[in-house]
1. By how many nm would the segment from residue 26 to residue 11 grow when fully extended, if each residue of separation counts as 0.36 nm and the alpha-carbon distance is taken off?
2. Would you mind computing, in nm to one decimal, how far apart the modelled labels at residue 35 and residue 48 are, each placed 7 Å from Cα along Cα→Cβ?
Amino acid sequence: METYDPHKSKTEVRQASPRKMNLRVLVTSLIGIVVAFVVIFVIYSLMQPSQ
C-alpha cells in the first residue's frame, strides 16, 4: 500500500479512503446487529415454558 504521493498534500496523504472505511463500518455493524438479534432470539426461545 503506497502512502507517498507527490501530487497530494500532507493532509490528503494522511486521510484514509472514505469508501473502504464506510463499507467496513457498514458490514461490521450489520453483522453485529444480526448476531445480537440471533442471540436475543435464542435466549428468548430458551426461556419460553415448554407445553
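Read-outs throughout are calculated quantities, based only on the coordinates presented, and are distinct from any laboratory measurement. For clarity, every value in this text was computed on a predicted model and none was experimentally measured. Cβ sites come from the backbone with ideal geometry, for glycine too, and all protein chains shown count toward neighbours.
1. 2.9 nm
2. 2.5
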